[in-house]
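The values are calculated or read from the model by the stated rules, or taken from the named source; none is laboratory data. All values derive from a computational prediction rather than experimental measurement. Backbone-built Cβ (ideal geometry, glycine too); neighbour counts: all protein chains shown.
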Amino acid sequence: MERKAVLGIATTVVPTTKGSLFERMVARAGEQGVDAYLFHPVNPGLRTGDFIGRTLSDGHQGGRWVKAPFGEPGVIYEDVYVHLVGQGLTRSLRRYAAARCIPIFNPVIMGKAGMSRMTSTLTKSGMRSPVTRRVEGARTIRDMLEAYGAVYLKPSGGHGGNGVMRVRLRSGVHVVDCDRWGGAKGFHRELSGRDWEDFVRRTVMGRPHIVQQPIPLLAHGGGQIDFRVVVQRGRDGAWKLAGIVPKVAQRDGVVTNLVAGGRRLTMQELESRLDVLRQTNAARNLEKAALAFSRRLSERYPTLAILGYDLGVDKDGSVWFIEANPKPARSLLFPDMRRKTADLAIDFACHLLEVGQAVHRPRKAVRHVGRMVMWRTSRDRGPARLSTDRL
């Protein structure tokens, strides 16, 4: 009997509810002839090769979750919360995958500053990019304020709108607004002189930040609008649209994140209220821009498979890049979109299993070149080749 391929889904979530996304993923894998297991990223299998995880008792939706041992996965889907990744929880897992030449998705990608620089060079993607600078001190912010009158300060590695600040200069006074700070309620401050300098030193310079020009976003009900555009790769490796969700900030709000006071609408609801979206074919333009940029990114990151863009649209219908997240929150999506993201994640894992068959022979690690792994198989002759995965 031929042994089934194994997909490992790394997560800290213990599934308990019926109809969860993980239930759908495991069932979808079964439909594709693949055994899927959920496992904690800090797993004994990283030392022994004998993993412990959870799977559905009968492999179908509606089955019981049971603990079960499994062998080394052929592909790993790293689905750990972004703040835990930032704390280093998946570091050992990624080292293990690199040493064993196991494809792992999503890979670690460039931060907000690098992403903004990249979008500014990609005119073919159809996206405009706001002027973005890395904050090196109060002077960086001052120069941007003098140019634009208002700026947005964003912490590198931030998520959920946490720590994003809007600074407006009014008669020499810095008016600072933040919707969410430290996972709690935000603040409003008016600072000048030494108070402003102290604020920058204590609050901004304590961690890397970028500063961006404001984008002329469309608004509804006094709150600015942006769009979460989620794209993923499927069984054929091509990028596909999983869904578009408009987000509206609270009146005069800084960010549109739901946890920071924003709200979501369907694209149909918003199009019925804002004629410009229909007139400029905004939905199609958002999809086209996200797919074009994703194709370019996956040239650099071969196992990149999931991206959630925050994009804006101005009154002329132009698409603006705000940021891209390789771990977009599924809770923001509507049910049909969530199911599609689950299916596409499994489909791409199957794609990696298929295209990786030729290199899933015994290998000897040769050396690391930057963040790319060099390897040889036992049958190779000649120079070492580059694997298709990154640390």
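What the table below lists for this structure:
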| read-out | value |
| --- | --- |
| Some residue of the stretch 176-183 being surrounded by fewer than 14 Cβ atoms within 10 Å (Cβ to Cβ) and within 26 Å of the chain's Cα centre (by Cα) | yes |
| Which numbered condition Lys124 fails, given (1) modelled with pLDDT under 90; (2) in a loop (DSSP other than H, G, I, E, B); (3) surrounded by fewer than 16 Cβ atoms within 10 Å (Cβ to Cβ) | (2) |
| Among residues of the stretch 55-83, those that are buried (at least 20 other Cβ atoms within 10 Å of the Cβ) and either over 27 Å from the mean Cα position of the chain (by Cα) or not in a loop (DSSP other than H, G, I, E, B) (or both), counted | 6 |
| Boolean, Asp58 is over 24 Å from Arg94 (Cβ atoms) and without any contact (Cβ under 8 Å) to a residue 24 or more places away in the chain | yes |
| Members of the stretch 84-101 found to be assigned to a loop (DSSP other than H, G, I, E, B), surrounded by 14 or more Cβ atoms within 10 Å (Cβ to Cβ) and not hydrophobic (A, V, I, L, M, F, W, C), listed by number | Thr90 |
| Of all residues in the stretch 27-53 being buried (at least 20 other Cβ atoms within 10 Å of the Cβ) and touching a residue at least 40 places away in the same chain (Cβ under 8 Å), the one that is nearest to Thr12 (Cα to Cα) | Pro41 |
| Hits in the stretch 64-120 (condition: touching an Asp or Glu at 6+ places or on another chain (Cβ under 9 Å) and farther than 26 Å from Asp347 by Cα) | Lys112, Met115, Ser116 |
| Elements of type strands (runs of 3 or more DSSP E) in the stretch 143-220, at least 3 residues being farther than 20 Å from Leu332 by Cβ, modelled with pLDDT under 95 and aliphatic (A, V, I, L, M) | none |
| Residues (small (Gly, Ala, Ser) and either within 30 Å of Val355 (Cα to Cα) or in contact with a Ser or Thr (Cβ under 6 Å, 6 or more places away or on another chain) (or both)) located in the stretch 208-256 | Gly234, Gly237, Ala238, Ala242, Gly243, Ala249 |
| Hits in the stretch 244-278 (condition: buried (at least 20 other Cβ atoms within 10 Å of the Cβ) and part of a strand (DSSP E or B)) | Ile244, Val245, Pro246, Lys247, Val248 |
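Every residue, every condition in (1) at pLDDT 95 or above; (2) surrounded by fewer than 22 Cβ atoms within 10 Å (Cβ to Cβ), yes or no:
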{"residue": "Leu286", "(1), (2)": "yes, no"}
{"residue": "Phe293", "(1), (2)": "no, no"}
{"residue": "Arg300", "(1), (2)": "no, yes"}
{"residue": "Leu307", "(1), (2)": "yes, no"}
{"residue": "Gly312", "(1), (2)": "yes, no"}
{"residue": "Lys315", "(1), (2)": "no, yes"}
